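Take a look at the structure below.
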Amino acid sequence: MLQDAVETGASDIFIISGRPLCYKINHRMVNRSEEKLTPAVTRKVILEIYELAGNRNPNHFLEHGDDDFSFSLKGVARFRISTYLQRGSLAAVIRVVTFSLPDPKLIGIPQEVMDLANYKKGLVLVTGPAGSGKSTTLACLIDSINSRRSAHIITLEDPIEFLHGHKKSIVSQREIPTDTASYVVALRAALRQSPDVILLGEMRDYETINIAMTAAETGHLVFSTLHTVGAVKTIDRIIDAFPPAQQGQIRIQLSMTLQAVVSQQLIPTLDGRLVPAFEIMLCNSAVSNMIRESKIHQIETVIFSSSGEGMLSMDASILGLYKKGIISAQNAISYSTSPDLMAKRLTKQS
């Protein structure tokens, strides 16, 4: 099953009783047989997956109803597993992660995004909805640093997806909760492990955000993700995570440490693939002042008017894909941040 999923180009495998074995291929659900899975079959398959994953103990999952882990199958791929109980039966969603890191150019990551690997300190955020390719973008950035710089890179992930070998850098990859108890514990420890670059899988809460910003402030380069769409919503989300009395101080801190916010989403192409569209905000003096003075809503105007500095608005990225004949007009409109304005632009194009 796992090998078949890799060979057919599936991104996810769904093992759920009451329906056939299903793959997600280019964001479309594809049944692999007509036969519906029974609770007994899903239980058997999922427990066999636990055996494949180094005989991982399934008792925690069976008692609590949820589990997340990852494992590699030699010569096939790496898999990220989320198991859960649904209506009393065992179910799993398996993400397929290839061993080899993709070529950024081939998967459509622009050079402006890859240039973020050149920063030596500060906070760089890659944001977007679940399944938008954030992990892939971050893996490409880490690989770029690993290939070109002599540094200590620490990644804190839940679970580890892409495996990085040691190239010019030393890469320490820590999985939560296998290697360390939590993001907060691991992040505090990382500051004592002589890091140059820290990849934080997700900024989940106030405490994690606070330590990540301190790390960025003390001369480290910190990469992380948020499930937000757009730079404005990302900055608002970070500030809102803090109590009102601290928000003024956090705005000042963020204006000094934030280097860039990249927001991305995957859009279906005309030939049935998926292509990423990006918004890129670089924290220049104008953006820093807007964050400090709580004028965050004005940042979109700066992004729109600063393309010469390497910034890119989401709608400009989408329009570029449409002009190249990669995506349809319908998808250009439905994925844009301003559908009415995009419809007018497309009318002018035609």
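How many percent of DSSP beta bridges within the chain run antiparallel, rounded to 5? Of all bridge pairs located within the chain, approximately 60 percent are antiparallel.
Counting other Cβ atoms within 10 Å as a rough exposure proxy, the listed residues Met281, Met314, Met342, Met256 run Met256, Met342, Met314, Met281 from fewest neighbours to most. Modelled this way, with points 7 Å down the Cα-to-C-beta line, the labels at Gln111 and Ser147 are 1.4 nm from one another.
With respect to the chain, whose longest principal axis is taken over its alpha-carbon atoms, helix 339-349 is tilted by about 80°. In the chain, helical runs assigned H by DSSP with n ≥ 4 each contribute -39500 (n - 2.57); averaged across all residues and rounded to the nearest 500, the mean residue ellipticity at 222 nm is -10500 deg cm²/dmol.
What shape does the chain have by the C-alpha gyration tensor, where a ≥ b ≥ c are the square roots of the eigenvalues, rounded means a/c under 1.5, and otherwise prolate means a/b greater than b/c and oblate the rest? Oblate, because a/c is 1.5 or more while a/b does not exceed b/c.
Going by neighbour counts of Cβ atoms within 10 Å, the residues Phe304, Phe242, Phe61 line up, fewest first, as Phe304, Phe242, Phe61. Principal-axis analysis of the Cα atoms of the chain puts helix 39-52 at an angle of about 70° to the longest axis.
For the pairs Lys105/Lys233; Lys121/Lys233; Lys24/Lys233; Lys134/Lys168; Lys105/Lys295, note any where the Cα-Cα span goes beyond 26 Å. The answer is Lys105/Lys233; Lys24/Lys233; Lys105/Lys295. Kirkwood hydrodynamic radius of segment 111-312, from the reciprocal of the average inverse Cα-Cα distance over all distinct pairs: 17.2 Å. Across the options Gln247, Ser172, Leu341, the greatest Cα extent toward the positive end of the charge dipole of the chain (unit charges at beta carbon of Lys, Arg, Asp, Glu) belongs to Leu341. Figure legend: label point modelled 7 angstrom from the Cα of Ala53 along Cα→Cβ; residues of segment 135-167 with amide N under 13 Å from it are 158-161. Taken along the Cα-to-beta-carbon direction at a fixed 7 Å, the label points for Lys233 and Ser72 span 3.6 nm.
Counting only Cα atoms, the size of segment 2-97 along its three principal axes is 34, 30, 19 Å, in decreasing order.
Can you work out the FRET efficiency for the pair Ser294 and Thr38, with r the C-beta to C-beta distance and R0 = 41 Å, to the nearest 0.05? Efficiency, from the Cβ-Cβ distance: 0.10. I need the shape label for segment 195-255. Rule: rounded when a/c is under 1.5, else prolate if a/b > b/c, else oblate, with a, b, c from the alpha carbon gyration tensor. Oblate. Principal-axis analysis of the Cα atoms of the chain puts helix 206-217 at an angle of about 50° to the longest axis.
Bear in mind that the values in this text are calculations on the coordinates, not laboratory data. All of these numbers come straight from a predicted model, not from anything done at the bench. Using ideal geometry, Cβ is built from the backbone for each residue, glycine included, and neighbour counts are taken over all protein chains shown.
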